[in-house]
Amino acid sequence: MNSTDLSNPYQELGVSENSSREEIKRAYQRLVLKVHPDKLDESLSQEDRDKAYKRFLAIDKAWKILNNQETRADCDRQLKEQGLSQDWPVSDEVDLDDMEYHEDTESYSSVCRCSGEYVISESDLENGHNIVCCSNCTLSIRVLYNALSDDASNGR
């Protein structure tokens, strides 16, 4: 099961990304009871039955993604990447050279005026993501940097 099958399985199940496995499981079970084909009212029209079946499949797919630790982690990474690639209102531009480098996490950070922190990883930059939200407030910055070509980074 690939997490790209759903835009956001957390939304499908009506839970937050911080929900525990148990909370996600309860939400899944509650929703399945409402739309499972065997639980539907016989008087429903075929159109309503088809809608419920499609909803059941979407709920089941979301559960399969979030129930597995590996696919959930992959889903979380993809959702984070989607968030980074959205067009955010940018409050400032900061040169990468003005940010502090953290070798242990291979990331850069800068302090926000609210005392929060902007953090961007090397992999985010390599993937072309250069907008970062503050960890405490709603401000975001654009990180300015020059991407090195493969020839330059290999010393050629």
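At 1.4 Å probe size, with every protein chain present, just tell me what the per residue accessible area of region 35-117 comes to in Å². Write out the running numbers ahead of the final one.
Numbers: 5890 Å² over 83 residues.
With the other protein chains kept in place, region 35-117 gives 71 Å² per residue.
Please sort by residue number the GluC sites (Glu not before Pro) in region 28-129 whose DSSP state is loop and whose Cβ has at most 12 other Cβ atoms within 10 Å. Before the final figure, lay out the partial values.
Working: sites: Glu42, Glu47, Glu70, Glu81, Glu93, Glu100, Glu103, Glu106, Glu117, Glu122, Glu126; in loops: Glu42, Glu103, Glu106.
Loop-located and lightly packed - Glu42, Glu103, Glu106.
In terms of the Cα gyration tensor, with a ≥ b ≥ c the square roots of its eigenvalues, is region 79-141 rounded because a/c is under 1.5, prolate because a/b exceeds b/c, or oblate?
Values: a/c = 1.56, a/b = 1.04, b/c = 1.49.
Cα axes put region 79-141 in the oblate bin.
Which of the cysteines found in the chain have nothing to pair with, since no other Cys Cβ lies under 4.7 Å from theirs?
Taking the Cβ cut-off of 4.7 Å, the unpaired cysteines of the chain are Cys75, Cys133.
To test your reading of the geometry: what angle, between 0 and 90 degrees and rounded to tens, separates the Cα axis of helix 21-35 from the longest principal axis of the chain?
With both axes taken from Cα atoms, the answer is about 40 degrees.
With respect to the cross-link table entries Lys25/Lys80; Lys39/Lys80; Lys51/Lys80, which display a Cα-Cα separation exceeding 28 Å?
Details: Lys25/Lys80 23 Å; Lys39/Lys80 36 Å; Lys51/Lys80 30 Å.
Lys39/Lys80; Lys51/Lys80, as the Cα separations exceed 28 Å there.
The values are calculated or read from the model by the stated rules, or taken from the named source; none is laboratory data. These figures come from a predicted structure and were not determined experimentally. Heads up, the Cβs are rebuilt from the backbone with ideal geometry, glycines too, and the neighbour counts pull from every protein chain shown. Heavy atoms of the whole protein, side chains included, go into the accessibility calculation; ligands, DNA and RNA do not. Shrake-Rupley method; radii C 1.70, N 1.55, O 1.52, S 1.80 Å.
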